[in-house]
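Heads up, the thing below is written out as structure tokens.
The values are calculated or read from the model by the stated rules, or taken from the named source; none is laboratory data. Everything quoted here is computed from the prediction, not taken from an experiment. Glycine gets a Cβ as well: all are built from the backbone with ideal geometry, and neighbour counts include every protein chain shown. Please note that ligands, DNA and RNA were not included when accessible areas were found on the heavy atoms of the full protein model with its side chains. Shrake-Rupley method; radii C 1.70, N 1.55, O 1.52, S 1.80 Å.
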Amino acid sequence: MFALYHTNAFACVRGRSTIDALKRHQLNESKWFLKLDFADFSAAPHLQFVLDMLSRLFPFSELVKFTAGRDELEKALSLCFLNGGLPQGTPISPFITNVMMIAIDHKISNSLRNFDSRRFVYTRYADDLLLSCKIDFDMNKVQQFVIDTLAEFNAPFTIKKEKTRYGSAAGRNWNLGLMLNNENQITIGHKRKKSLRRCWITTCAAENQATGRNCMTFRYLVASSPTTAWWRKTTSTICSASTAINMVRMLKSALKRI
């Protein structure tokens with residue numbers, strides 16, 4: 001069966017998100033984290049590199065055994081390129097990069113299951129790589145392994161070292177906009193959660209005012225909020241009731257995942 005992405009890839013995959021990526025590390029109860037970024041991940045891949053990476057995968061591996069088949073695959077891929085690179089913002093570009101990265105993701109993931117006498121968890125969200133372990137490890141050795149793996153596949157991109165970050169869950173362990181804290185809990189952080197809750201109270205107030213209905217969620221939040229006066233002052237500043245109502249729906253959906 002043809003795979004559209006590696007199991008450790010999470011960006012632009014239906015039913016997967018940043019939370020799902022971080023849950024892999026949470027399940028391992030990881031305490032130490034290495035954050036790596038690719039340099040020029042979107043622009044650097046050229047047609048011949050993508051063709052080579054796809055040629056390693058079934059059914060493309062069978063197709064390229066014939067000259068005509070390889071030519072047709074190259075012709076089809078060329079339609080997805082603009083000025084020698086994959087254009088950002090098109091739906092086909094992340095699809096191609098996910099397929100392109102399958103062999104590399106596989107090599108990194110399998111090798112890190114037992115690397116330097118340690119077991120690592122590896123996930124990739126587009127150009128953001130997260131590697132974690134239950135115990136402290138040599139970040140330079142792991143980073144160099146990833147660089148060497150990219151070179152092994154003749155990848156036209158590498159690690160952007162100035163963005164490399166290493167630390168433990170005891171610190172400010174932010175990854176992909178989320179925090180996996182020292183208690184192994186995924187959170188958006190205390191300040192963000194407090195701000196989001198206040199915003200929810202305000203928009204619920206607008207919904208209640210605009211529709212003339214009793215908003216049970218709004219009444220509950222106001223009753224349980226120590227800052228009841230805050231929303232009364234700011235409700236009048238909301239200029240669009242319809243926008244506020246839509247915000248309520250989005251915030252309700254977002255808070256269900258916190």
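Looking at A43, is it farther than 26 Å from L180 by Cα, in contact with a strand residue (DSSP E or B) (Cβ under 7 Å, 6 or more places away or on another chain) and not basic (K, R)? When the stated conditions are applied, A43 passes them. Do we have L22 as on the phi < 0 side of the Ramachandran plot and over 23 Å from the mean Cα position of the chain (by Cα) here? Spelling it out, it is not the case that L22 is on the phi < 0 side of the Ramachandran plot and over 23 Å from the mean Cα position of the chain (by Cα).
Look through segment 1-14, keep the residues that are under 12 Å from the mean Cα position of the chain (by Cα) and either open to solvent by less than 20 Å² (accessible area, probe 1.4 Å) or without any contact (Cβ under 8 Å) to a residue 24 or more places away in the chain (or both), and return whichever of them is farthest from M139 (Cα to Cα). Give the derivation first.
Going residue by residue through segment 1-14, those that are under 12 Å from the mean Cα position of the chain (by Cα) are 8-13.
Add one more test, that the residue is either open to solvent by less than 20 Å² (accessible area, probe 1.4 Å) or without any contact (Cβ under 8 Å) to a residue 24 or more places away in the chain (or both), and what stays is 8-11, 13.
Numbers: N8: 20, A9: 21, F10: 23, A11: 24, V13: 29 Å.
Among residues in segment 1-14 that are under 12 Å from the mean Cα position of the chain (by Cα) and either open to solvent by less than 20 Å² (accessible area, probe 1.4 Å) or without any contact (Cβ under 8 Å) to a residue 24 or more places away in the chain (or both), the one farthest from M139 (Cα to Cα) is V13.
Pairs are defined by a Cβ separation below 7 Å, a sequence spacing of at least 6 or placement on different chains, a first member in segment 85-101 that is in contact (Cβ under 8 Å) with a residue 60 or more places away in the chain, and a second member that is open to solvent by less than 20 Å² (accessible area, probe 1.4 Å) and small (G, A, S); the pairs so defined are P94/A11; N98/A9; M101/A9. Yes or no: R24 open to solvent by 50 Å² or more (accessible area, probe 1.4 Å), outside any strand (DSSP E or B), under 20 Å from L131 (Cα atoms) and modelled with pLDDT under 95? Considered against the rule, which asks whether it is open to solvent by 50 Å² or more (accessible area, probe 1.4 Å), outside any strand (DSSP E or B), under 20 Å from L131 (Cα atoms) and modelled with pLDDT under 95, R24 comes out as yes. In segment 110-131, the residue that is farthest from V50 (Cα to Cα) out of those that are small (G, A, S) and at pLDDT below 95 is S117.
Residues to consider are I135, I147; find the one that is more than 30 Å from H46 (Cβ to Cβ) and among the hydrophobic types (A, V, I, L, M, F, W, C). Before you say what the answer is, go through the steps one by one.
On the way: I147 fails: more than 30 Å from H46 (Cβ to Cβ).
One residue alone meets the criteria, I135.
Among the residues of segment 27-53, those that are open to solvent by less than 30 Å² (accessible area, probe 1.4 Å), touching a residue at least 60 places away in the same chain (Cβ under 8 Å) and farther than 20 Å from V142 by Cα comprise A44, P45, F49, M53. For segment 92-106, state whether one or more residues are assigned to a helix (DSSP H, G or I), modelled with pLDDT under 95 and over 20 Å from the mean Cα position of the chain (by Cα). Within segment 92-106, not a single residue is assigned to a helix (DSSP H, G or I), modelled with pLDDT under 95 and over 20 Å from the mean Cα position of the chain (by Cα). Of all the numbered requirements in (1) touching a helix residue (DSSP H, G or I) at 6+ places or on another chain (Cβ under 8 Å); (2) on the phi > 0 side of the Ramachandran plot, D40 misses one, and that requirement is (1).
Note on segment 98-131: residues that are out of contact with any helix residue (DSSP H, G or I) (no Cβ under 6 Å at 6 or more places or on another chain) and of a type in the set (V, I, T) total 3.
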